[in-house]
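Colleague: Please find one structure pasted underneath; my questions will follow.
The values are calculated or read from the model by the stated rules, or taken from the named source; none is laboratory data. Worth saying up front: this structure is predicted, and the values here are computed from it rather than measured. With ideal geometry, Cβ positions are generated from the backbone for all residues, glycine too; neighbour counts draw on all protein chains shown. To get the accessible areas, we keep the full protein, side chains included, count just its heavy atoms, and leave off ligands, DNA and RNA. Shrake-Rupley method; radii C 1.70, N 1.55, O 1.52, S 1.80 Å.
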Amino acid sequence: MSRRRTLGTKKKLALLAGAAAVAGGGAFVAANASNAAQTAPGAQTKAAGDSTVCQGLATALGNNLRFIDGQRADPDAQSEARIANREAVVAEIERKQEASGCTAGESAPAPGSAASPQSPPASQPAQTSQPAQAGEQVCTGSTVTLSGEGGAPAASSNQFPLGTTLRVTNLDNDKSTTVTVDSVSGSCALLNDAAFEEVREDGKLLIRRALIEKVG
């Protein structure tokens, strides 16, 4: 009888040890599953992209696409070269959209319009009804973004002829840049990458509160 009780006790101890091991393994699996569940939403958030960056890129893409449409609608001797240049810029903006977690190829319409109007041809920039004087504020309420073009600081415009000097101030950080209009775009003042870098806020590709002045 004594021997039977001893064997029974050993079996009970073995069963208890086995149950503890199984429970520990189950807790380990549950913990790993919980960690995986917590990691997934973070990855999704990163992929979503920053709304301000995405809006700035979409605006830049829309401006360039409208410029290309305008060149095709009313071409001149330089249109083919301009279109090729802007198509390269469009490809670079779409690459930036994808890298930033934005929707690649998403473009914004021109401000104040439901559809994107065609840009005027490069040889005939649109003129304001009353030409602005030097030092006068122009394009009140316009937002400013980048064209995606390289080179020295410069701007493009659909309101001012080539050679016009503009001062663009970001009122959110009080940074300014003075640039010369060297090409035509679908907006009042579209800065190239170098010029935009001089006035941008970190992480933003759109200036919502801009002061644009005609310098000369």
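Colleague: Report, to the nearest whole %, how much of the accessible area of the stretch 150-216 belongs to carbon and sulfur atoms, 1.4 Å probe, protein only.
Modeller: 46
Colleague: Shifting gears a bit: With a 1.4 Å probe and every protein chain left in place, tell me how much accessible area residue 69 has, in Å² to the nearest 10.
Modeller: About 80 Å², rounded to the nearest 10.
Colleague: Modelled label-to-label distance, residue 78 and residue 162, 7 Å Cα→beta-carbon offset: nm?
Modeller: The answer from the label model is 0.2 nm.
Colleague: Determine, for each peptide in 92-105, 184-197, 147-160, the mean count of other beta carbons within 10 angstrom over its residues, then list the peptides with the highest first.
Modeller: Put in order of decreasing packing, that is 184-197, 147-160, 92-105.
Colleague: Over the heavy atoms of residue 178, what accessible area does a 1.4 Å probe trace out, to the nearest 10 Å²?
Modeller: Taking all protein chains as shown, residue 178 has close to 80 Å².
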